[in-house]
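*Asks:* So that we are looking at the same thing, I have put the structure below in structure tokens.
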Amino acid sequence: MNPAISMTLQGQYAGYKQDPAAYELPGFMLGGEAGLNEEGFGLGHGELVMSSNIDDRFYGKLTLAIADHEGTTETELEEAFIETVGLDYGLTIKAGRFFSDIGYLNNQHNHAWDFIDAPLIYRGLFGNQLIDDGLQLRWLAPTDLYLQLGAEFARGERFPSGGASDDGKGTTMLFAELGGDVSDSHSWQIGFSHWNSDVTGRESGGHAHGGGATETPSFSGDSEINAIDMVWKWAPKGNYSQKNLTLQFEYFQRKENGDIELVGSNPLETSRYDGDQNGWYTQAVYQFMPRWQVGLRYDQLDSDNKGSDADVLGEAGLDNEGHTPKRSSVMLEHNHSEFSLVRLQYNRDESYENSDNQFYLQYVMSIGAHGAHQF
């Protein structure tokens, strides 16, 4: 068909020891979709996708995200971009709304993740994923070793930016990827990313106080993220259908400098802010027989945030409370085909003061045209 149309259906059961509404991540301002999945049975993140070659030079894609939140069905324009096809000299240009190529996991749709939830560092920095409106340039080098260089110039209005500074072009990102094969059974990839944003009024969730007042923390200033990601894949003689192993690691560091305001406070409470946050995760996913996979993941974060008013930083969630957020996860997954999977997952979540035992049961089903996932 022209265009190709597909639908991804997700459903889940989530069970927690703690109240998911009380979730926090000490040392990080949470925004986007950083909260926990709703408890009990529910619909996950469904996607309706339309894509097609426009002509011999352009390709287009549109993705609508459909999800239930507190009993209300919400629809969001997740992606809407055009991309060049077959330009000379290994160049590709993408324009519109798209997932940033920062790190390894960010530009993958969540139905392609190996675990039901995002790594903690993605939750803390991006509100699960970084999406923005802008322009991306990529260059694939004509070398035997895989080498791709790229740059993104974005509006900077969505979390973790804010305010669309510099006349709607307040965010830039540079990245490099290289990789190759080691014999017929092993392949690898390593990536480096640098993201910078001029932030104006980035808000996180409000905090309720006596008298019913609500104060919303807001950050304005400079934000910079550096990242490294590494992936190693093994499959005997390159045959992934029988057995395979994927090892994955990402590390992010963010530095911020500016001001925090508690919007809604009277008089207005403010603080200078000098933030230093970092975190990493590592995971291993092993297909031990056809259609069955088991995975292990470990996350850990750290922060050292300073400011002129400790109370304001605390209200903004930027006080680490002397806590080191961490989490261990294990999952078992059955893929009846490339279009369907059922996953069972357990998290021992110590990312905030109240340790939590989290259980998930998930299905992901794809209907219609569905392109291959990336390396």
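The values are calculated or read from the model by the stated rules, or taken from the named source; none is laboratory data. Bear in mind that the values here come from a model prediction, so they are computed numbers and not experimental data. When we count neighbours, we look across all protein chains shown, and the Cβ atoms used for this are built from the backbone with ideal geometry, even at glycine.
*Asks:* Can you report the number of residues in segment 110-133 which are of a type outside the set (Val, Ile, Thr), over 9 Å from the mean Cα position of the chain (by Cα) and outside any helix (DSSP H, G or I)? Can you show your working first?
*Replies:* Just the residues of segment 110-133 that are of a type outside the set (Val, Ile, Thr), to begin with: 110-115, 117-120, 122-130, 132-133.
After this cut, where a residue has to be over 9 Å from the mean Cα position of the chain (by Cα) as well, the list is 111-115, 117, 120, 124, 132-133.
Subsequent filtering for residues that are outside any helix (DSSP H, G or I) retains 113-115, 117, 132-133.
Adding up the residues that qualify gives 6.
*Asks:* Same structure again: Name the residues in segment 279-329 that are crowded, with 21+ Cβ neighbours inside 10 Å, closer than 17 Å to ASN226 by Cα and within 17 Å of the chain's Cα centre (by Cα), would you?
*Replies:* GLY279, TYR281, LEU301
Yes/no per residue for (1) of a type in the set (Phe, Trp, Tyr); (2) in contact with a Pro (Cβ under 8 Å, 6 or more places away or on another chain):
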{"site": "TRP232", "(1), (2)": "yes, no"}
{"site": "ALA235", "(1), (2)": "no, no"}
{"site": "SER241", "(1), (2)": "no, yes"}
{"site": "ALA284", "(1), (2)": "no, no"}
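*Asks:* Which condition breaks for THR75 when tested against (1) touching a Pro at 6+ places or on another chain (Cβ under 9 Å); (2) of a type outside the set (Asp, Glu); (3) not in a loop (DSSP other than H, G, I, E, B)?
*Replies:* Among (1) touching a Pro at 6+ places or on another chain (Cβ under 9 Å); (2) of a type outside the set (Asp, Glu); (3) not in a loop (DSSP other than H, G, I, E, B), the lone unmet condition for THR75 is (1).
*Asks:* Looking at GLU203, GLU177, which one is at negative phi, modelled with pLDDT of 95 or more and either of a type in the set (D, E, K, R) or surrounded by 22 or more Cβ atoms within 10 Å (Cβ to Cβ) (or both)? Steps first, answer last, please.
*Replies:* Values: GLU203 fails: modelled with pLDDT of 95 or more.
Just one listed residue meets the conditions, GLU177.
*Asks:* Going through segment 134-152 one residue at a time, which ones are out of contact with any helix residue (DSSP H, G or I) (no Cβ under 8 Å at 6 or more places or on another chain) and part of a strand (DSSP E or B)? If you could, list the steps in order and put the result at the bottom.
*Replies:* Filtering segment 134-152 down to residues out of contact with any helix residue (DSSP H, G or I) (no Cβ under 8 Å at 6 or more places or on another chain) leaves 134-138, 143-152.
Across segment 134-152, the qualifying residues are GLY134, LEU135, GLN136, LEU137, ARG138, TYR146, LEU147, GLN148, LEU149, GLY150, ALA151, GLU152.
*Asks:* Here is a follow-up. Taking into account only those residues within segment 113-155 that are among the basic types (Lys, Arg) and more than 19 Å from PHE375 (Cα to Cα), which is surrounded by the fewest Cβ atoms within 10 Å (Cβ to Cβ)?
*Replies:* Restricting attention to segment 113-155, the residues satisfying the condition of being among the basic types (Lys, Arg) are 123, 138, 155.
Then drop every residue that is not more than 19 Å from PHE375 (Cα to Cα), which leaves 123, 155.
Working: ARG123: 27, ARG155: 20.
In this case the residue turns out to be ARG155.
*Asks:* Could you give every pair whose Cβ atoms fall below 6 Å, whose first residue belongs to segment 344-359 and is touching a residue at least 60 places away in the same chain (Cβ under 8 Å) and part of a strand (DSSP E or B), and whose second residue is among the charged types (D, E, K, R) and surrounded by 15 or more Cβ atoms within 10 Å (Cβ to Cβ), counting only separations of at least 6 or pairs across chains?
*Replies:* Going by the 6 Å Cβ cut-off, the qualifying pairs are ASN347/ARG327; ASP356/ASP349; GLN358/ASP349.
*Asks:* Inspect all residues belonging to segment 49-67 and state whether any of them is more than 22 Å from the chain's Cα centre (by Cα), β-branched (Val, Ile, Thr) and either within 30 Å of ASP274 (Cα to Cα) or modelled with pLDDT of 90 or more (or both).
*Replies:* Within segment 49-67, one or more residues are more than 22 Å from the chain's Cα centre (by Cα), β-branched (Val, Ile, Thr) and either within 30 Å of ASP274 (Cα to Cα) or modelled with pLDDT of 90 or more (or both).
*Asks:* Suppose the filter is under 22 Å from LEU301 (Cα atoms), free of Cβ contacts under 8 Å to residues at least 40 places away in the same chain and surrounded by fewer than 22 Cβ atoms within 10 Å (Cβ to Cβ); does ASN110 pass it?
*Replies:* Details: under 22 Å from LEU301 (Cα atoms): yes; free of Cβ contacts under 8 Å to residues at least 40 places away in the same chain: no; surrounded by fewer than 22 Cβ atoms within 10 Å (Cβ to Cβ): yes.
For ASN110, the condition - under 22 Å from LEU301 (Cα atoms), free of Cβ contacts under 8 Å to residues at least 40 places away in the same chain and surrounded by fewer than 22 Cβ atoms within 10 Å (Cβ to Cβ) - is not met.
*Asks:* Under the condition of being of a type in the set (Asp, Glu) and touching a helix residue (DSSP H, G or I) at 6+ places or on another chain (Cβ under 6 Å), which residue from segment 180-200 is surrounded by the fewest Cβ atoms within 10 Å (Cβ to Cβ)?
*Replies:* Here is the first cut: in segment 180-200, the residues of a type in the set (Asp, Glu) are 181, 184, 198.
Add one more test, that the residue is touching a helix residue (DSSP H, G or I) at 6+ places or on another chain (Cβ under 6 Å), and what stays is 184, 198.
Numbers: ASP184: 11, ASP198: 20.
The extreme case among them is ASP184.
*Asks:* Continuing with the same structure: Report whether or not GLN248 is assigned to a strand (DSSP E or B) and either farther than 28 Å from ARG158 by Cβ or within 19 Å of the chain's Cα centre (by Cα) (or both).
*Replies:* On the way: assigned to a strand (DSSP E or B): yes; either farther than 28 Å from ARG158 by Cβ or within 19 Å of the chain's Cα centre (by Cα) (or both): yes.
In short, yes.
*Asks:* If you go through segment 298-338, how many residues are of a type outside the set (Val, Ile, Thr), over 15 Å from ARG254 (Cβ atoms) and not in a strand (DSSP E or B)?
*Replies:* 12
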